[in-house]
Each structure stands twice: as C-alpha cells, then as structure tokens.
Amino acid sequence: MEAERRSEITLDTSQCVHCGLCLASCPTYQVSGIESESPRGRIFLLERIQDDPTLLNDNAMRALDDCLDCRACEEVCPAHVATGHLVESWRAQAAPLLLERGPQAMKQFRRMTRPMRLLLGSPLGLKFLQWLARLTRHPYFGGWLTRLPFVPPAASNLACGLPAHIPHRLSRSYPPHPRPGCTARVMLFSGCIMDAIYAETNCHTQDLLELGGLEVVVPAEQRCCGALHMHGGAPEQARRWAIANIEAFERSGAATVVVNAAGCGSMLKEYSSLFSGDPVWEPRARQFETAVEDATVVLASLKLPEIEKGATTVTLQDPCHLSHAQGIRREPRQMLTRAGYQIVEMKESDRCCGSAGIYNLTHPQMAQELLRRKIEDIPDRVEWLGAANPGCLMHIQSGLCDRPKAPETAHPIDLAWEAYRKAGLIGGVS
Ligand code: SF4
Ligand code: SF4
C-alpha cells in the first residue's frame, strides 16, 4: 500500500488542480493563514518561477524556504502532487542563490552544511559530536558553552533537549549478542545522530531484534543517510553517502535494513531518486530501498512476548517522515501495547512539531510556534511522550525541560526495551 502510494506521487506541478484540499493539513498555513505559505501557494510559485525565473523575489524565496518538507500535504492530495519533494528539488537547484540572497539565519545555517559533513560523515567526527554533546550537558561547562556569544539562541534552546545521558561510545561498536536459532540476518542502520547522541536507542533496537530471533549486523563502514544535506540543498554529498550505505548493505549479507529514525528511514526509502537515469546506481539503490524497514514495523511483525498491561501511560508524536512519508502509525502503538503500556492519544499527533531536520535552527520563529502548539496538545497527566525520530525528541524535550509535571520523552524503542528489561527478558544494562 505504501509502495503503491510512493509510486503514484508526481513531481509534475501541472498535476495540481488547485482544489485547496491540502491547505488545512499544512502547518505553515495553519500558523500564518497566508496562501503563499500553503502547498497550493508554493505550487503556484514554482509554476510561475519555471515560466519566468525573474519572478523569484525575496518573498517568493522565503515562502518556498519556509516549507517544512513535512509531506502532510502529499498524503491528502487527491492528485498525488509531491509538494515537499518539489520544494526540496527547487532548494537543491537554488542553493547558491539562497546563500547569496536568503535571510541572514538561512545563509548562516546553509554555510553549516560543509562543516556538518565533517562531523556527520565519519566515526571520528561522530565521536567529536558525542563529546561536544556530553560537554553541553555538563553541569558546569554546559551552561557556559551554550551562552558563548557566537552560539545562536536557537542552538542554545535546542541544547536543552539533549538527552541527560550521552554514552562514551558509538553504537556501532556495541557487540552483537546473537541467540541460538536466528531466523534471518538484518543490518541495523546506525545513522549519525542516533549513532552518537542516541547510541543507547540503537543498542536497545539491536537487543529487541535479537530477542525476536534475528541476527543483527552493524557495518562500521556505513554513513549518515544524507537527509540533512539533501534538505539543505547539497545532493552531491547525499549521493556519496548513499553509495557507501548501499555497498555496506550489499556486503553485509542481510535481507533487511532496519532503521529506527523516521527521517533516515524516509530518506533511505527514496535513494533511487538520487540516481535517476544512472544505469549502475539506480537499480542498486532501488534494490536497497526495497529492503529498508522501520524498526517498529519489524518488531511488531516479530511478535515479541506480550507483557501484562500496566499503569504506565504513553502518548506518541508521529514524526512526519514516519507517518506522512512512510504511512507508519499503527506499528509503534502495537509494539508498545505488547510491551504493556497504555497509549493515550494526542490530538493531531502527526502534525509537525517544528523540528524538521535543521528547520528549528534556520526558522526559529515558526519552529517555536509549532512547538508551542504541540506542547499544548500533549494530554494531561501522561507519563511519557514517545517520538521515533531524534530531531523531534530533542526539539520537544527542549520545550518541556523547564515545565513542571511535564512528561518524560523517549524513543518508543527505549520504552519497549525498558519494559522487557523489567520483565527479565533482556539482561544487563545498556
Ligand atoms: S497540491 Fe493537491 S490538494 Fe493541494 S491544491 Fe494541488 S491538487 Fe489540490
Ligand atoms: S510539505 Fe508540509 S510545510 Fe511544505 S507545503 Fe506541504 S504541508 Fe506545507
């Protein structure tokens, strides 16, 4: 069903019949009420710019750059217009222009895509990122570091959302614990932020997959999925990492690539679009993307032991790139219910929280307004808020850290792992 929907989406603006059915689902339109900040408005702008590039003035550029790429509009569009994809393609083409003429904050963070390549592109860079994140959480140095004059306020805010405990090793160095009688081999996609900042979640994913009878391999040569660079208008870098990941998968002997970060999963499932028309890489990328599965989908299918329902309540934020881009909503709930949690639904749980890659850094005002609305929608007295994407977790946590009686935030995999640990089905500490 999901594959069917993905094959139906079109990058052709002429498919838009201007019906406006997408408007109500667009978070930037909900906040601004302005047509140019809606999917229909953005399609209209793209059409006009294609006809006459001189029409690209600052207002048009800002309206297109304000798109969260959340894909909410794509899910409801009867003509299957891929507005998020279209805007993303435009950004890749217009990257030099945005650097030259875009607003100051936008330029500053677009320039960051190069240093980000060094941080996210190798285990050494990730170790440095991990160390920096630990320093930021340090009770003395942390406050000092985030108040340095060159640190933008949006980055200081986001630092409040970092997890309290950040490990000293990358998750890819965690040893496998295969159980006898494994039924299949899977490759765990370790990612970049997940590998460094949320390394424990990757280790927990591995434990749960092994509990379900799978052999898990975590190739050391895999790289970042490339989503941040793709969204930031640097597709060349995304392509280089995609090649490294495809080769790592082919060598691993695994049948499935398991991924626990919604943004990475959505990117990995679209790798073939990076190589359109390439006779060598397009077919290999297509084979790779059909092997990609979200971890909650795999775990729900493994039918892990059922734990008796307890009193612990969880509400779920459905990340845009899990719900709208991949159509996955049921499986995280199934996994947590099986692990004994009570799910309390949040209003519009699939509305973007404002994180959207590095959108919360490049567009702090809109991101904070979307975060405020998200926090307002969290049900009362719920103990946990789960989100299967590192960006959403950090962003939502940053909005909750100074609120009394706020729920704790965690990846749903961590919650499931904790329930199985308490039940004695997974041993030791992570
Ligand atoms: S993008 Fe789709 S839903 Fe939106 S106006 Fe065009 S056809 Fe209608
Ligand atoms: S991708 Fe999201 S923000 Fe962009 S036009 Fe569609 S609904 Fe609006």
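The values are calculated or read from the model by the stated rules, or taken from the named source; none is laboratory data. Model, not experiment: these values are computed from the prediction. Reconstructed Cβ throughout: ideal geometry from the backbone, glycine too, with neighbour counts over all protein chains shown. For the accessible areas, the whole protein counts, side chains as well, though only heavy atoms, and no ligand, DNA or RNA atoms are used. Shrake-Rupley method; radii C 1.70, N 1.55, O 1.52, S 1.80 Å.
Given (1) open to solvent by less than 30 Å² (accessible area, probe 1.4 Å); (2) at pLDDT below 95; (3) farther than 18 Å from HIS85 by Cα, where does PRO364 come up short, assuming only one miss?
(1)
Within the bounds of segment 273-287, is there any residue that is under 27 Å from MET394 (Cα atoms), in contact with a Phe, Trp or Tyr (Cβ under 8 Å, 6 or more places away or on another chain), in contact (Cβ under 8 Å) with a residue 12 or more places away in the chain and open to solvent by less than 10 Å² (accessible area, probe 1.4 Å)?
Step one: of segment 273-287, the residues under 27 Å from MET394 (Cα atoms) are none.
Taking every residue of segment 273-287 in turn, none turns out to be under 27 Å from MET394 (Cα atoms), in contact with a Phe, Trp or Tyr (Cβ under 8 Å, 6 or more places away or on another chain), in contact (Cβ under 8 Å) with a residue 12 or more places away in the chain and open to solvent by less than 10 Å² (accessible area, probe 1.4 Å).
For a quick check of your reading of the model, give me the residue pairs whose first member lies in segment 35-52 and is within 15 Å of CYS70 (Cβ to Cβ), whose second is within 8 Å of ligand 2 (Cβ to nearest atom) and open to solvent by 40 Å² or more (accessible area, probe 1.4 Å), with beta-carbon atoms closer than 8 Å and at least 6 apart or on different chains.
Once the first residue is within 15 Å of CYS70 (Cβ to Cβ) and sits in segment 35-52, its partners that are within 8 Å of ligand 2 (Cβ to nearest atom) and open to solvent by 40 Å² or more (accessible area, probe 1.4 Å) give GLU37/TYR29; SER38/TYR29; PRO39/TYR29.
Does any residue of segment 149-161 turn out to be open to solvent by 60 Å² or more (accessible area, probe 1.4 Å), hydrophobic (A, V, I, L, M, F, W, C) and either within 22 Å of ALA261 (Cα to Cα) or not in a loop (DSSP other than H, G, I, E, B) (or both)?
Step one: filter segment 149-161 for residues open to solvent by 60 Å² or more (accessible area, probe 1.4 Å), giving 149-150, 153, 157.
Remaining after also requiring hydrophobic (A, V, I, L, M, F, W, C): 150.
Next cut, either within 22 Å of ALA261 (Cα to Cα) or not in a loop (DSSP other than H, G, I, E, B) (or both) only: none.
Within segment 149-161, not a single residue is open to solvent by 60 Å² or more (accessible area, probe 1.4 Å), hydrophobic (A, V, I, L, M, F, W, C) and either within 22 Å of ALA261 (Cα to Cα) or not in a loop (DSSP other than H, G, I, E, B) (or both).
For LEU322, work out the one condition from (1) within 23 Å of GLY212 (Cα to Cα); (2) part of a loop (DSSP other than H, G, I, E, B) it doesn't fulfil.
(2)
So which of GLU250, GLU215, GLU221, GLU236 is open to solvent by 10 Å² or more (accessible area, probe 1.4 Å), without any contact (Cβ under 8 Å) to a residue 60 or more places away in the chain and part of a loop (DSSP other than H, G, I, E, B)?
On the way: GLU250 fails: part of a loop (DSSP other than H, G, I, E, B); GLU215 fails: part of a loop (DSSP other than H, G, I, E, B); GLU236 fails: part of a loop (DSSP other than H, G, I, E, B).
After applying the criteria, what remains is GLU221.
Could you please find all residues in segment 1-53 being in contact with an Asp or Glu (Cβ under 9 Å, 6 or more places away or on another chain), at pLDDT 85 or above and of a type in the set (A, V, I, L, M)?
Hits for segment 1-53 are LEU23, VAL31.
Tally the residues that are among the β-branched types (Val, Ile, Thr) and surrounded by fewer than 16 Cβ atoms within 10 Å (Cβ to Cβ), restricting the search to segment 18-49.
Adding up the residues that qualify gives 1.
Give the number of residues within segment 17-34 that are away from ligand 1 (no atom under 11 Å from the Cβ) and in a loop (DSSP other than H, G, I, E, B). Give the steps one after another, and end with the answer.
Initially, segment 17-34 is screened for residues away from ligand 1 (no atom under 11 Å from the Cβ), giving 27-28, 30-34.
Now restrict to residues that are in a loop (DSSP other than H, G, I, E, B): 33-34.
Counting residues in segment 17-34 that are away from ligand 1 (no atom under 11 Å from the Cβ) and in a loop (DSSP other than H, G, I, E, B) gives 2.
Which residues, taken from segment 314-344, are in contact with a strand residue (DSSP E or B) (Cβ under 8 Å, 6 or more places away or on another chain), closer than 15 Å to LEU302 by Cα and open to solvent by 20 Å² or more (accessible area, probe 1.4 Å)?
Correct list: GLU331, ARG333, THR337.
Residues checked against (1) in the same structural domain as SER25 (by TED's automatic domain parsing); (2) more than 16 Å from ligand 2 (Cβ to nearest atom); (3) at pLDDT below 85:
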{"position": "ALA72", "(1), (2), (3)": "yes, no, no"}
{"position": "VAL87", "(1), (2), (3)": "yes, no, no"}
{"position": "ARG91", "(1), (2), (3)": "yes, no, yes"}
{"position": "ALA95", "(1), (2), (3)": "yes, yes, yes"}
{"position": "ARG110", "(1), (2), (3)": "no, yes, yes"}
{"position": "ARG117", "(1), (2), (3)": "no, yes, yes"}
{"position": "LEU120", "(1), (2), (3)": "no, yes, no"}
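When CYS353 is evaluated against the numbered criteria (1) open to solvent by 10 Å² or more (accessible area, probe 1.4 Å); (2) not in a helix (DSSP H, G or I), which criterion, by number, is the only one it fails?
The failed condition is (1).
Taking VAL17 and the conditions (1) away from ligand 2 (no atom under 11 Å from the Cβ); (2) out of contact with any Pro (no Cβ under 9 Å at 6 or more places or on another chain), which numbered condition does it fall short on, given that it satisfies the others?
(2)
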